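One structure is given below, encoded as C-alpha cells.
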C-alpha cells in the first residue's frame, strides 16, 4: 500500500514538473540580459531578479499595451453582445411555443458543430463584403455569430426558473420585455458568470480570427501581437519570454481568483 | 445535447390565464405570436450571416474554379472533389491526424488516471488539480512560443536530457520530419489534457460515495472500483471525449501552424486548406477541402449520437 501511495505522489509530481517546467524556464529567461541569455543555459537562474527591461521592451516596443487595450475593447463589446444574444434566444426558445421552434434550436445546435476554421474561406468574403475587414467589428461579429454555446448555458438555467415568476409579473401588468429584463436576466447571474468566463477566455485566446481579419498593426490583439514577436525578436528569447509571461499573467490571475467557476463553466461548456 | 421538446400543454396555459378583454384579444395574440421572433431576430441574424452563409457558400465555391478575386466564378461541377480524390498528396496530410489521434489516446488514458487518483483523498489535491488543468486556459500563441523554446536546439528539452545523461537522444525536434509530429502532438497533449481531466473528475465525483463504501465492504480493490464502478459511471463523458478527440485530430490547426507553419511534413488538413485558399488563391479547391472536412466531422458526431444516445452527461 505504501509503495502504491508513493507511486501515486511520484506520478503527480512528475505531471506537475512536465506542466510547469516549460513555463518556469521562460520565467528564468525573461529576467536575463541579452548577453546573459546567450551565455547561460535554460536552467541557470538570472543574476538579477529585478531586471524588468525585457518586460518593458515587450510592453512598449512589442506593442503589448495597445494589444491589451484592443483585446479589452473587443472583449467588453463581444461579451455584452453574447450575453444579450444568448439570453434572448434562450428566453424565446424556452418560454414561447411557436411554429419554427425546433428548427431554430436545431440551427443553433448545428452551428456549434461547424469548426469555424474550415469555413474561413467563405467567412472572409462575408466580412469583406460587409466592409468589416480591418475593423474591430470583424472579430466582434464573428464572436457573436459562431459557436453560440451561450444559448445552451442560458437555456439550461432559464428552464430552472419557475414559470410562476413570469406569470406573477404578467398579472402585475409586465409585458414580455420587462419580464425578460427584470425577472429572467437578473436571475441568470450565475449563467452570465459562466458565459463571461468561458467565452471571455476563448476570446482572449483566439488567434486566427484577429490574425486573418485585423492585419492592421494598430488593431493587434494580445494573440497577434505575441505572434509578431517571432519576427523582430527572432532569437531574442529573453524578450519573447517576457511577452509570453505578460500574456499568461492575466489568465493566471483570473484562474486563481475564479477557480470554482472555471471548472464548472468549462464542464458545462464542453458537455453542452 | 438538446433537451427534448416540451409538451404542448405548457404553451396554452399562459394564454388562457391572461385576463384580456375580448376586443383586445386579437391584437394581443398577434403580438404574442410575433414576440418570440422579435427576440430571435438579432441572434438569428448573426447566426445566419456568420455561420450559415459561409457554410452554404463553401458548398457553392467548391463547385467552381474561383480564385477568390475574379468577379465571376466558373462552374466546374465536381472537378475539385475529383481532384482531391485523385491527387494522393492532398489526402495524405490526413496521415498527420493519426499522430494527434494517437496522442489523444495517451491524453484520455492519462486524464482518466489523474482524475481517478485525484478523486480520492490526496494531499495538495487542489494544487495538483489546478496545475494539470491550467495549460488548457493558456493562450495558444503563448503555448506555441513556450514549446518553440522547449524544443529548440539547446532548449529546455535538450538541456533536460543532458542533465540526466541522455544527450545522445537530442535531435532537431521540430526540424526533423521523423520527430516533428511527435513533438507537436506532445504539445497538444500538454495543452488539452486538462479539459479531459476536469470533465472526468467532475463525472467521477458525481458517483455517490456510498457505492465506494459498499464496494470496499465487499472487498473490492482500487482496480475493481475503477473497472466496475468508475468506468461505467463516467462512460458518457469518456464517449464524448473520444468524439472530441477524433474531430479535434481531424481539424488540428493552431499549434502546428504557428510553430512550424506546416513545414517538414507537419502540415495538417486545415493548414493545407488555408494555404490553398489564402496562399495559392485556389478558393474552389480549398472550399471543396473544407466541405470534405465538415462532412467528416458531422459524420463523426452523428456516429457519436448513435453510439452514445442522448444520455444525460451534465454531471457538473
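Taken together, the values in this text are just the output of simple stated rules run on the coordinates, not laboratory data. Worth saying up front: this structure is predicted, and the values here are computed from it rather than measured. Note that we place each Cβ from the backbone using ideal geometry, even for glycine, and neighbour counts take in every protein chain shown.
Once you sort the root eigenvalues of the Cα gyration tensor of the stretch A:62-271 as a ≥ b ≥ c, which label holds: rounded (a/c under 1.5), prolate (a/b larger than b/c) or oblate (the other case)?
prolate
How would you classify chain B from its alpha-carbon gyration tensor, with a ≥ b ≥ c the square roots of the eigenvalues: rounded for a/c under 1.5, else prolate if a/b is greater than b/c, otherwise oblate?
Note, shape of chain B comes out oblate.
Quick check on the stretch A:110-155: take the gyration tensor over C-alpha atoms, sort the square-rooted eigenvalues as a ≥ b ≥ c, and tell me if it's rounded (a/c under 1.5), prolate or oblate.
Since a/c reaches 1.5 but b/c is at least a/b, the shape of the stretch A:110-155 is classed as oblate.
So what's the projected area for the stretch B:134-227, the Cα convex hull averaged over all directions, in nm²?
Over all viewing directions, the stretch B:134-227 projects a mean Cα-hull area of 9.1 nm².
Pulled fully out, how much extra length does the chain show between residue B:38 and residue B:265, if you take 0.36 nm times their separation in residues and subtract their Cα-Cα distance?
Extending this stretch completely gives an extra 76.6 nm.
Tell me what chain A gives for mean residue ellipticity at 222 nm when only DSSP H runs of n ≥ 4 count, each as -39,500 (n - 2.57), the sum divided by the residue total, rounded to 500 deg cm²/dmol.
The helix-only estimate for chain A comes to -23000 deg cm²/dmol at 222 nm.
Kindly provide the pair-distance distribution of the stretch B:94-267 built from C-alpha pairs, with 5 Å bins from 0 and whole-percent values in order of increasing distance.
The percentages, shortest bin first, are 1, 8, 15, 16, 16, 14, 10, 8, 6, 3, 1, 0.
Averaged across orientations, what area in nm² does the convex hull of the alpha carbons in the stretch B:35-135 project? Working shown, then result.
Values: hull surface 53.1 nm².
Mean projected area for the stretch B:35-135: 13.3 nm², to one decimal.
Suppose a student asked you for the relative contact order of the stretch B:94-267, using Cα pairs under 8 Å spaced at least 6 residues apart; what percent would you report?
Once divided by the residue count of the stretch B:94-267, the mean separation gives 38 percent.
Springs between alpha-carbon atoms under 10 Å, Gaussian network over chain A: tell me which of A:145, A:106, A:200 tops the mean-square fluctuations.
A:106
Based solely on its DSSP helices, what 222 nm [θ] is calculated for chain B when runs of n ≥ 4 H residues each add -39,500 (n - 2.57) and the sum is averaged over all residues, nearest 500 deg cm²/dmol?
That comes out to -20500 deg cm²/dmol.
Quick one: in the protein assembly as shown, what % of C-alpha pairs are over 47 Å apart?
Values: 31374 of 172578 pairs.
Roughly 18 percent, rounded to a whole number.
In percent, how large is the relative contact order of chain B, given Cα pairs closer than 8 Å and 6 or more residues apart?
Values: 291 pairs, mean separation 83.7, N = 316.
That works out to 26 percent.
When chain A is treated as a GNM, springs tying every alpha-carbon pair under 10 Å, which of A:152, A:213, A:180 comes out with the largest mean-square fluctuation?
Taking springs between Cα atoms under 10 Å, the residue moving most is A:180.
At 7 Å along the Cα-to-beta-carbon direction for both residue B:98 and residue A:49, put a label point, then send me their distance in nm to one decimal.
Each label point lies 7 Å from its Cα, and together they span 4.9 nm.
Measuring from a point 7 Å past the Cα of residue B:87 along Cα-to-C-beta, which residues in the stretch A:112-156 have an amide N at less than 18 Å?
Within reach of a label on residue B:87: A:121.
Report, to one decimal in Å, the Kirkwood hydrodynamic radius for the stretch A:1-51 based on all distinct Cα pairs.
Result for the stretch A:1-51 stands at 12.8 Å.
In peptide B:252-262, what is the residue-averaged number of other protein chain Cβ atoms found within 10 Å of each Cβ?
2
Would you kindly state how much longer the chain becomes between residue B:69 and residue B:220 on full extension, computed as 0.36 nm times their sequence separation minus their alpha carbon distance, in nm to one decimal?
47.6 nm
What percent does the relative contact order of chain A come to when contacts are Cα pairs within less than 8 Å and at least six residues apart?
Details: 247 pairs, mean separation 84.5, N = 272.
Once divided by the residue count of chain A, the mean separation gives 31 percent.
P(r) of the stretch A:94-187 in 10 Å steps, Cα pairs, percent per bin?
Percent of Cα pairs in each bin: 13, 32, 28, 20, 7, 0.
Using Cα springs under 10 Å in a Gaussian network model of chain B, which residue among B:162, B:172, B:272 shows the largest mean-square fluctuation?
Of B:162, B:172, B:272, the Gaussian network model singles out B:162 as fluctuating most.
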